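Quick notes on the structure that follows.
The values are calculated or read from the model by the stated rules, or taken from the named source; none is laboratory data. From a predicted model like this one, the values you see are computed outputs, not experimental measurements. With ideal geometry, Cβ positions are generated from the backbone for all residues, glycine too; neighbour counts draw on all protein chains shown.
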């Protein structure tokens, strides 16, 4: 049973790895780099935490 | 026309999703750590005996309570992905931040590696002779890749899963504890026979010091809660609450685990087994309990690996966002709102380490990076309180008895370095040399690409004395 599970595990791993790579390339080719890397640190602070004591 | 053309070029903002609550923070912290009760802590018994493992359980509890308190104060104020990396950047400086981020990535990646090896070892122990290296590696690959895909798909789903499997693994310890009738010593548990005045500390107090090395494993990773800072709805409330609740949960779990295992196994065996709680389940003679602990061991390891993938990817992502590494790593998935490139990038690295290293080596690398990181935290909080004294900025949580927790943390870290040096001196030296070399690379080469003004994002007043 465990051997079968491990063999199925290889197949499942390969499927998920391919899905991630496919999605990564799809996203990278659909959106421009500036959009994908537009996240900035401190946005929470700027929006909700004013740090006024 | 010109305005419309300009608008089409303005990038749409994509950032991490703020969807988590205190329960997710708890699931992240306890999920990463709980595997330490299922394996790892017991190697402390090999170093110093069963009583040393208990002393270390509580002394390390003190170290990690200090970590949790310090972390809660700083993170509830510096609420950004990257956790301690963002703290170091704002409070100490870029070089420290770069090193801290590497500590984080190494600690969590090697912990993820350890967890995948543990799952494979656990299954192998039941699978028999026909379970070859191909099957063993198949289990490792499944754990790492499937969990990476789960993390890729979204943080909410990933930590919901973690909450459920962590709770099940924790409940298994509680069920085992009550099943062995702890109120009736001699029925199942035989603490008086297993731990005697002659064998409680077989190597004396130097054995207790040596046991510090593996004692870290009781709680290693609770500080990982801070990596969720940018994805929780209310960082100032959720992070301290989730981290403290997690620490209380773990202190109880660690004490129960020691009591069960110490009462069922002699220290010579307890110190070398890879599966102390699973063995405890077997020793009760109850097949249901054994099966429950088998499943719980795997769930604990999976929960830990899941949390580690989450944390390592966020630390790596933060480095890219500040240009400490190529900005390519700072991309956020526009649909799933996760640092998808960082998640995918770390997958082959984890698999490569898991295929070539053994459990002891992987755990030691993780512990070393963790202790370096805790040493930084003790210095960091002193600088934080000096530069921005109470009242100068808003804090989500203020930890009591300052600077006592910082001093305790620093002293315990020094003892732990000595303990690691006793057992793994070569690895300790090699790792310190590695961090020195990459620090030189960062200082003389990489820092020229960093936009220096952009990396400091907190709207704080100037630090005191500047």
Tally of residues being part of a helix (DSSP H, G or I), in contact (Cβ under 8 Å) with a residue 60 or more places away in the chain and closer than 30 Å to residue B:443 by Cβ across the range B:341-360: 7
Mind checking whether some residue in the range B:24-35 is surrounded by fewer than 24 Cβ atoms within 10 Å (Cβ to Cβ) and either more than 16 Å from the chain's Cα centre (by Cα) or part of a loop (DSSP other than H, G, I, E, B) (or both)? no
Taking residue B:130 and the conditions (1) surrounded by fewer than 22 Cβ atoms within 10 Å (Cβ to Cβ); (2) facing chain A (nearest Cβ under 8 Å); (3) within 18 Å of residue A:17 (Cα to Cα), which numbered condition does it fall short on, given that it satisfies the others? (3)
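Any idea which of B:95, B:118 is buried (at least 24 other Cβ atoms within 10 Å of the Cβ) and under 30 Å from residue B:433 (Cβ atoms)? So that I can check it myself, show each step before the final result.
Values: B:95 fails: buried (at least 24 other Cβ atoms within 10 Å of the Cβ).
Step by step, each of B:95, B:118 is checked, and only B:118 is buried (at least 24 other Cβ atoms within 10 Å of the Cβ) and under 30 Å from residue B:433 (Cβ atoms).
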Might you check whether a residue that is within 30 Å of residue B:339 (Cα to Cα) and buried (at least 22 other Cβ atoms within 10 Å of the Cβ) occurs anywhere in the range B:266-288? no
Condition check: surrounded by 24 or more Cβ atoms within 10 Å (Cβ to Cβ) and more than 30 Å from residue B:88 (Cβ to Cβ). Does residue B:169 satisfy that? yes
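Within the range B:79-102, can you find the residues that are away from chain A (no Cβ under 14 Å) and over 19 Å from residue B:463 (Cβ atoms)?
B:98, B:99, B:102
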Select from the range A:3-30 the residues that are surrounded by fewer than 18 Cβ atoms within 10 Å (Cβ to Cβ), at pLDDT below 95 and either at the interface with another protein chain (Cβ under 7 Å from one of its Cβ atoms) or in contact with a strand residue (DSSP E or B) (Cβ under 9 Å, 6 or more places away or on another chain) (or both) and list them in ascending order. A:3, A:7
Count of the range B:383-404 residues which are within 12 Å of residue B:73 (Cα to Cα) and in a helix (DSSP H, G or I): 2
Do we find that residue B:296 is surrounded by 20 or more Cβ atoms within 10 Å (Cβ to Cβ) and closer than 24 Å to residue B:253 by Cβ in this structure? yes
